[in-house]
Amino acid sequence: MILEMKVPSPGESITEVEIAEWLVKDGDYVEKDQAIAEVDSDKATLELPAEESGIITLKAEEGDAVAVGEVVCLIDTSASKPEGAEKAQKETKEDKPEKAAPAKKTEAAEQTKTSEPAKTYASGTPSPAARKILDEKDIPASSVKGTGKDGRITKEDAVSAVPSMGTPTGGKRGETRTKLSMLRRKVAERLVSAKNETAMLTTFNEVDMSAIFSLRSSYKEKFKETHDVSLGFMSFFTKAVIRALQLFPAVNSMIDGKDMITYDFCDISIAVSGPKGLMVPVIRNAENLTFRGIEAEVKRLAIRAREGQITVDEMTGGTFTISNGGVFGSMLSTPIINPPQSAILGMHNIVERPVVKNGEIAIAPIMYLALSYDHRIIDGKESVSFLVAIKEALENPEEHLMGGDVEKALEF
């Protein structure tokens, strides 16, 4: 029996995926539930498991975009598992290239000799379509080698042509062309869309992290022993963001056509750097979580994102995003809004800087904060007040985030 394996739907809004990598070869025997391919959607990379055991026949190439529901491979479930096939196949592959290589080389050399185009009036002359493309790229036709009849420059030659990089000086000048994954292309589209379709502005402030440093120094070991999770900065920032969102609901809103939708819950997206690019998993109903709950959820989502196990559902939605560029050493940035959200908070590195306290110069751990927001629904006053509310909470967490009882807030 021949089983047709179709692309399953990773999520409601996804209609197409890309074959990122086949984990098996055409003609291999596969076991049921064995991962046979990695597929990229515009939100995540997912593994495609074999639905039955049998001999597989691939119907799509790596890099192909295939629609959800389209057949990507066939599995002959009536085939029995071959014995010793892998060993024989390996030996054949080792012997074959050595014998075939000289013949291929000779054939290629002869083909090169006979394929030299004759010089005619068409040599080096672009076709109309190619000329248009070269003009748009501002590339002279004389710098492009034609592959058409008699050396004519074709449209494909023009598309592949790149502008001159100047006069070489003898060093290495190689280049590598890599196709962007569907995830990376979608991220690029969304970022450009956010820049073009929102009235995005960024406001900045600085936070003295002394109080949080003191709390973490006093309680981090006990917190780790009690809850088996570290007391990091993300729980303080998430708590501070939730407090500010409740004080300024417009920041927890989105534009839908001519309407503004304001949410009474806080689904906080956290930007995580994964192996295939930026991932933004969501902490659901973060307003109901304790410090322990937030730290545990951040750890769980970050591990799943970095191991490529994150699901589409775990990255869907979100009403506000926190991006921590400080872990990479960023001093200051202007983060781009994660549409359709209306704001994003950028955290940066913590550096000891001179500040004035009680009329005297002191050294304190300072972090710069950046809030990018959509000015269409968030006014300047609200954005600045929102960021100031976060600053207040972080500089006095015991009062604003812990209700005056640290041990109760940390569940000791």
- Message: Quick check for you: with a 1.4 Å probe and neighbouring chains kept, what is the accessible area per residue of the chain, in Å²?
- Response: 58
- Task: Figure the gain on full extension for Glu360 and Lys59 (residue separation times 0.36 nm, minus the Cα-Cα span) and round it to one decimal in nm.
- Result: 101.1 nm
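What size of dipole, in debye to the nearest 20, comes out for the stretch 217-274 about its Cα centre when the only charges are +1 on Lys and Arg C-beta atoms and -1 on Asp and Glu C-beta atoms?
The dipole of the stretch 217-274 has a size of about 260 debye.
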- Note on the structure: Total charge of the residues flanking Glu407 in space, meaning their Cβ is under 12 Å from its Cβ, with Lys and Arg +1 and Asp and Glu -1, is -1
- Task: Taking amide H positions as placed in the peptide plane 1.01 Å from N, state which residues far from Thr321 in sequence (5 or more) or on other chains have amide H under 5 Å from it.
- Result: Ser269, Ala343, Leu345
- Message: Which one, Ala343, Ser372, Ile153, is farthest towards the positive end of the dipole of the chain when Lys and Arg carry +1 and Asp and Glu -1 on their Cβ?
- Response: Ile153
- Note on the structure: Beyond 27 Å (Cα-Cα) in this structure, taken from Lys155/Lys179; Lys145/Lys195; Lys222/Lys299; Lys357/Lys391; Lys186/Lys224, we find Lys145/Lys195; Lys186/Lys224
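Can you tell me what the convex hull of the Cα atoms of the stretch 278-399 projects to on average, as an area in nm²?
Over all viewing directions, the stretch 278-399 projects a mean Cα-hull area of 9.4 nm².
Starting from the Cα-Cα distance between Gln309 and Arg177, subtract it from 0.36 nm times their residue separation and give me the gain in nm to one decimal.
44.8 nm
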- Task: Would you work out the charge dipole size for the stretch 272-393 about its Cα centre, treating the Cβ of every Lys and Arg as +1 and the Cβ of every Asp and Glu as -1, and quote it to the nearest 20 debye?
- Result: 220
- Item | Point-charge dipole on Cβ atoms (K/R +1, D/E -1) for the chain, about Cα centre, debye to 20 | 1600
- Task: Calculate the spin-label point distance for Thr290 paired with Lys81, positioning each point 7 Å from the Cα along the beta-carbon direction, and give it in nanometres.
- Result: 4.8
- Spelling it out for Ile36: with amide H atoms placed in the peptide plane at 1.01 Å from N, the residues 5 or more places away or on another chain with amide H under 5 Å from its amide H are Leu48, Ala50
- Task: Using θ = phi - 60° and the Karplus relation 6.51 cos²θ - 1.76 cosθ + 1.60, list the HN-Hα couplings for the stretch 18-29 in order, rounded to whole Hz, with x at every Gly or Pro.
- Result: 10, 6, 6, 7, 7, 8, 10, 10, 4, x, 6, 8
- Item | Net length gained if the chain between Lys137 and Met260 were fully extended (0.36 nm per residue, minus Cα distance) | 40.0 nm
- Residue-averaged [θ]222 nm for the chain, counting only DSSP H segments that reach four residues, each worth -39500 (n - 2.57): -10500 deg cm²/dmol
- Message: Could you work out what % of the accessible surface of the chain is carbon and sulfur, using a 1.4 angstrom probe and leaving DNA, RNA and ligands out of the count?
- Response: 51
- Message: Quick check on the chain: what does the Kirkwood estimate of hydrodynamic radius come out to from the alpha carbon pairs, in Å?
- Response: 26.4
- Item | Residues with amide H under 5 Å from that of Glu16, placed H, sequence gap 5 or more | Val68
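The values are calculated or read from the model by the stated rules, or taken from the named source; none is laboratory data. Quantities reported herein were computed from a predicted structural model and do not represent experimental measurements. Reconstructed Cβ throughout: ideal geometry from the backbone, glycine too, with neighbour counts over all protein chains shown. Areas reflect the complete protein model, heavy atoms only, side chains present, ligands, DNA and RNA absent. Shrake-Rupley method; radii C 1.70, N 1.55, O 1.52, S 1.80 Å.
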